[in-house]
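**Student:** Have a look at this one before I ask anything.
The values are calculated or read from the model by the stated rules, or taken from the named source; none is laboratory data. Only a predicted model underlies this, so the values are computations on that prediction, with no experimental measurement involved. Glycine also receives a Cβ, built like all others from the backbone with ideal geometry; neighbour counts cover every protein chain displayed.
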Amino acid sequence: MKKQIRLNGFTQNSVAPHSPGLWRHPQDQGQRHGDLDYWVDLAKLLEHGKFDALFLADVHGIYDVYGGSHKAPVEHAVQVPLHNPLLQISAMAAVTKHLGFAPTYSATYTQPYKLARDFSTLDHLTKGRVAWNIVTSYLRSEAINLGLEEQMEHDKRYERADEYMEVVYKLWEQSWEDDAVIADVETGVYADSSKVHPIDHEGEFFNVPGVHLVEPSPQRTPVLFQAGASTRGRNFAAKHAEAIFTTLANDISELKAFVTDIRERAKKAGRNPGDIKVFPGIVPVVGATEEEAKLKYEELTSHVSYEGTLALLSGHTGVDFSQYDPDQYVENLDTNASHGFLQKYTVASTNRLWTVREAVLHHGLGIGATKIIGTPEQIADELELMANEGDADGFNIIQAASPGTFEDFIEHVIPILQERGSFRKEYEGTTLRENLFGKGHKFLPDYHPAKNVSIPGLRERSGVSI
Ligand SMILES: Cc1cc2nc3c(=O)[nH]c(=O)nc-3n(C[C@H](O)[C@H](O)[C@H](O)COP(=O)(O)O)c2cc1C
């Protein structure tokens, strides 16, 4: 059997989240993101294309690194206005049966007890189709508007997130036994309290004594997505993630090196390296002919906002690019924002040097994802190459114009991948984890760290073997 490609559609509850300025494109509909119909239509479209999931990015603050001001992000709609990523999911779940939903939630700015409840609720409402994109967050504006005096240091955020995961694993995997809910009308007992356990978590960063508020959901732990790229971020991802997103690689050999590195780290963390799906980001630009695709690419690029992208890149990297000459090379500075986004444009992770202007032109269409421009056959060829030679498990489709990027891909490229046997014609299972990993894989595998956390004294208290 040919290697099976997995696909996520990537967006955010904002106007033109990953391609600043594209809201001005005549076919772009991102301005409708506050309208529930926009989301319902998007979900139907992606399920029609047999996508695994709709992946929803999110941040909690404004991109004010550029020039130290909210001016550029506000004027160019750089991830502002930005609406909540969770609230439209129930409506999308109601009009679909298989599509997964992967909202981003920050482990730095949401309490684990609250996050565990939100995701368990969504996993119930979607019948097991939810993933959590775990982020540690990179914007200083998030910290200071959410009550901190300063942003936590980069590696410390990951260290804290490691303990955060321990807390949510205890809540999701251990607090409620499978048969705790008995709903016994005769005795009037809804759930057996001896089978619902306080987690008694006491750690360096969190003290969470109580029981989980939600009974076990179809997947218990949502599918875990992550996109760490720094050394600390990769170790975190290799330990916890089931799917990893990257825009780091500039060619197939860099992609292969990234995937190999992640799989080796996963092995060191005691996991099966094949149990992490790696999804590079791509922006497909489809034309009936190569010439048509190139023209379309030029036309899309002409709508990219240069200043808006500078503001986006400044927020991603923590470097204020208003201080830079466009022809100056991007330097690999040690910032407190995302390391991966900066390394992509420096010799730290690639053989080429990027000027600020080149980085902006690349980042402005799909936050630096690989652009694949050509006929449907050429795009399918390239994806198969990235899957077979770069060892990608699937792709995160990032939009230039919404929903046109998804529509073109689904109408023209998906049928070719299906015909070649590289992509599903029918969904494999009913939950997101089953669709990603195969029927029967409803829960995390036994050697995942979530299965190794333990509630102090639980065994002695109840005699249960978990
Ligand atoms: C495709 C993709 C999507 C991402 N989405 C988000 C997001 O929605 N919110 C967020 O705070 N960070 C997001 N990130 C950033 C990562 O979580 C992380 O900060 C980044 O990859 C760098 O991590 P590093 O500092 O370990 O290098 C995303 C990264 C990638 C590659």
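**Student:** Within segment 360-385, restricting attention to residues that are assigned to a helix (DSSP H, G or I) and within 15 Å of the ligand (Cβ to nearest atom), which residue is farthest from ALA102 (Cα to Cα)?
**Tutor:** In this case the residue turns out to be HIS362.
**Student:** Now for a separate question. For segment 412-454: of the residues being touching a strand residue (DSSP E or B) at 6+ places or on another chain (Cβ under 8 Å) and over 26 Å from LYS127 (Cα atoms), which is surrounded by the fewest Cβ atoms within 10 Å (Cβ to Cβ)?
**Tutor:** HIS412
**Student:** Sort out which residues of segment 329-354 are within 16 Å of the ligand (Cβ to nearest atom) and aromatic (Phe, Trp, Tyr), and write them in order of number.
**Tutor:** PHE341, TYR345
**Student:** Right, next: From LEU295, LEU312, which residue is crowded, with 22+ Cβ neighbours inside 10 Å and either more than 16 Å from the ligand (Cβ to nearest atom) or closer than 29 Å to ARG140 by Cβ (or both)? Break it down stepwise before answering.
**Tutor:** Working: LEU295 fails: crowded, with 22+ Cβ neighbours inside 10 Å.
None of the others qualify; the one that does is LEU312.
**Student:** While we're on this one: Give segment 222-268 a look and list any residue that's more than 11 Å from the ligand (Cβ to nearest atom), modelled with pLDDT of 95 or more and part of a loop (DSSP other than H, G, I, E, B), or say none.
**Tutor:** Scanning segment 222-268 gives PRO222, GLU242.
Residue by residue, here is whether (1) on the phi > 0 side of the Ramachandran plot; (2) surrounded by 24 or more Cβ atoms within 10 Å (Cβ to Cβ); (3) touching a Ser or Thr at 6+ places or on another chain (Cβ under 9 Å) holds:
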| site | (1), (2), (3) |
| --- | --- |
| GLN4 | no, no, yes |
| LEU54 | no, yes, yes |
| TYR66 | no, yes, yes |
| PRO73 | no, yes, no |
| VAL80 | no, no, yes |
| HIS83 | no, no, yes |
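**Student:** Is it true that some residue in segment 174-192 is in a helix (DSSP H, G or I) and surrounded by fewer than 23 Cβ atoms within 10 Å (Cβ to Cβ)? Before the answer, list the steps.
**Tutor:** Step one: filter segment 174-192 for residues in a helix (DSSP H, G or I), giving 174.
Narrowing the set further to residues that are surrounded by fewer than 23 Cβ atoms within 10 Å (Cβ to Cβ) leaves 174.
Yes; the residues of segment 174-192 include at least one that is in a helix (DSSP H, G or I) and surrounded by fewer than 23 Cβ atoms within 10 Å (Cβ to Cβ).
**Student:** Filter segment 45-73 down to the residues that are away from the ligand (no atom under 16 Å from the Cβ) and assigned to a helix (DSSP H, G or I) and list them by number. Reasoning before the result, please.
**Tutor:** Going through segment 45-73, the residues away from the ligand (no atom under 16 Å from the Cβ) turn out to be 45-50, 66-72.
Passing the criteria: LEU45, LEU46, GLU47, HIS48, TYR66, GLY67, GLY68, LYS71, ALA72.
**Student:** Within segment 195-214, identify whether any single residue is in contact (Cβ under 8 Å) with a residue 12 or more places away in the chain, basic (Lys, Arg), part of a helix (DSSP H, G or I) and within 23 Å of GLU166 (Cβ to Cβ), and answer yes or no.
**Tutor:** yes
**Student:** Let me ask something else. It is to be established whether one or more residues within segment 178-196 are within 15 Å of TYR113 (Cβ to Cβ), of a type outside the set (Val, Ile, Thr) and in contact with a helix residue (DSSP H, G or I) (Cβ under 7 Å, 6 or more places away or on another chain).
**Tutor:** no
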